[in-house]
1. Limited to segment 60-70, what total is found for residues that are outside any helix (DSSP H, G or I) and out of contact with any His (no Cβ under 9 Å at 6 or more places or on another chain)?
2. Just one of Glu98, Glu133 is outside any helix (DSSP H, G or I) and closer than 17 Å to Tyr22 by Cα; which is it?
3. So Arg93 fits all but one of (1) within 15 Å of the ligand (Cβ to nearest atom); (2) exposed (fewer than 13 other Cβ atoms within 10 Å of the Cβ); what number is the exception?
4. Need the failing condition index for Ser102 against (1) touching a residue at least 60 places away in the same chain (Cβ under 8 Å); (2) within 11 Å of the ligand (Cβ to nearest atom); (3) closer than 16 Å to Ile3 by Cα, just the number.
5. Just checking, does segment 73-88 include any residue being part of a strand (DSSP E or B) and within 15 Å of the ligand (Cβ to nearest atom)?
6. I'd like to know if segment 42-57 contains one or more residues that are aromatic (Phe, Trp, Tyr), surrounded by 14 or more Cβ atoms within 10 Å (Cβ to Cβ) and touching a strand residue (DSSP E or B) at 6+ places or on another chain (Cβ under 8 Å).
7. Those residues that are more than 11 Å from the ligand (Cβ to nearest atom) and either closer than 12 Å to Gly76 by Cβ or not hydrophobic (A, V, I, L, M, F, W, C) (or both), I need them from segment 1-11; list them, please.
8. Of all residues being within 19 Å of Glu18 (Cβ to Cβ) and within 14 Å of the chain's Cα centre (by Cα) in segment 105-130, which is farthest from the ligand (Cβ to nearest atom)? Just the residue, please.
Amino acid sequence: ETIYVLNGPNLNMLGIREPEIYGDESLDDIAASLEGKAKSLDFELEIRQSNHEGHLIDWLHEAQNENAKAIILNAGALTHTSLGLYDAIRSIRTPVIEVHLSNPHARESYRHKSFVGMAAHGSIAGFGSFGYELALDAAKQL
Ligand code: DQA
């Protein structure tokens, strides 16, 4: 079973970017520990990052076409703006698990709306990089 782990804009800057909010691990660090967790759950991971909305939309479609079991999606700031991502998630049957390192609801009001969350199966936020591991456990239960 394959799980897509899709990351949006500026998440390539993890470790450097506002570490007091997002932690000091890089996306590669997170990917490495996630691979260990995936092995124990018998999952194959497809871990990707893009700063471009269209890539994320193409990958959501691809996950469906490849019969992925689930998609873990941290869409970064596109979470709060992208009707295109909302429509893409609604266009596929593959369940999407929304993840955020921080808890957007405890931050600025412009982060309170989530186009991803409105279409996702469920959401995990505020647990730092551990949220991705929680999402893998959640995917196992689907
Ligand atoms: C984020 C939260 C978003 O509001 C922000 O734009 C990000 C990261 C998170 O993981 O906490 O880029 O998705």
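The values are calculated or read from the model by the stated rules, or taken from the named source; none is laboratory data. Remember, it's a predicted structure, so these values are computed and weren't measured experimentally. Glycine also receives a Cβ, built like all others from the backbone with ideal geometry; neighbour counts cover every protein chain displayed.
1. Taking segment 60-70 as the starting set, the residues that turn out to be outside any helix (DSSP H, G or I) are 66-70.
Applying the additional criterion that residues be out of contact with any His (no Cβ under 9 Å at 6 or more places or on another chain) yields 66-69.
Summing the residues that are outside any helix (DSSP H, G or I) and out of contact with any His (no Cβ under 9 Å at 6 or more places or on another chain) in segment 60-70 gives 4.
2. Values: Glu133 fails: outside any helix (DSSP H, G or I).
Being outside any helix (DSSP H, G or I) and closer than 17 Å to Tyr22 by Cα holds for just one of Glu98, Glu133, which is Glu98.
3. Unmet condition: (1).
4. Among (1) touching a residue at least 60 places away in the same chain (Cβ under 8 Å); (2) within 11 Å of the ligand (Cβ to nearest atom); (3) closer than 16 Å to Ile3 by Cα, the lone unmet condition for Ser102 is (3).
5. Quick first cut of segment 73-88, residues part of a strand (DSSP E or B) only: 73-74.
Narrowing further to those that are within 15 Å of the ligand (Cβ to nearest atom): 73-74.
Among the residues of segment 73-88, at least one is part of a strand (DSSP E or B) and within 15 Å of the ligand (Cβ to nearest atom), which makes the answer yes.
6. We begin by selecting, within segment 42-57, every residue aromatic (Phe, Trp, Tyr); these are 43.
Next, from what is left, pick out any that are surrounded by 14 or more Cβ atoms within 10 Å (Cβ to Cβ): 43.
Among the residues that remain, those that are also touching a strand residue (DSSP E or B) at 6+ places or on another chain (Cβ under 8 Å) are: 43.
Scanning segment 42-57, I find at least one residue that is aromatic (Phe, Trp, Tyr), surrounded by 14 or more Cβ atoms within 10 Å (Cβ to Cβ) and touching a strand residue (DSSP E or B) at 6+ places or on another chain (Cβ under 8 Å), so the answer is yes.
7. If we filter segment 1-11 for residues that are more than 11 Å from the ligand (Cβ to nearest atom), which is where we start, we get 1-6.
Answer for segment 1-11, where residues must be more than 11 Å from the ligand (Cβ to nearest atom) and either closer than 12 Å to Gly76 by Cβ or not hydrophobic (A, V, I, L, M, F, W, C) (or both): Glu1, Thr2, Tyr4, Leu6.
8. So the first thing to find is which residues in segment 105-130 are within 19 Å of Glu18 (Cβ to Cβ), and the list is 105-112, 125-130.
Adding the requirement that they be within 14 Å of the chain's Cα centre (by Cα) leaves 125-130.
Working: Ala125: 7, Gly126: 8, Phe127: 10, Gly128: 9, Ser129: 9, Phe130: 12 Å.
Among those that are within 19 Å of Glu18 (Cβ to Cβ) and within 14 Å of the chain's Cα centre (by Cα), it is Phe130.
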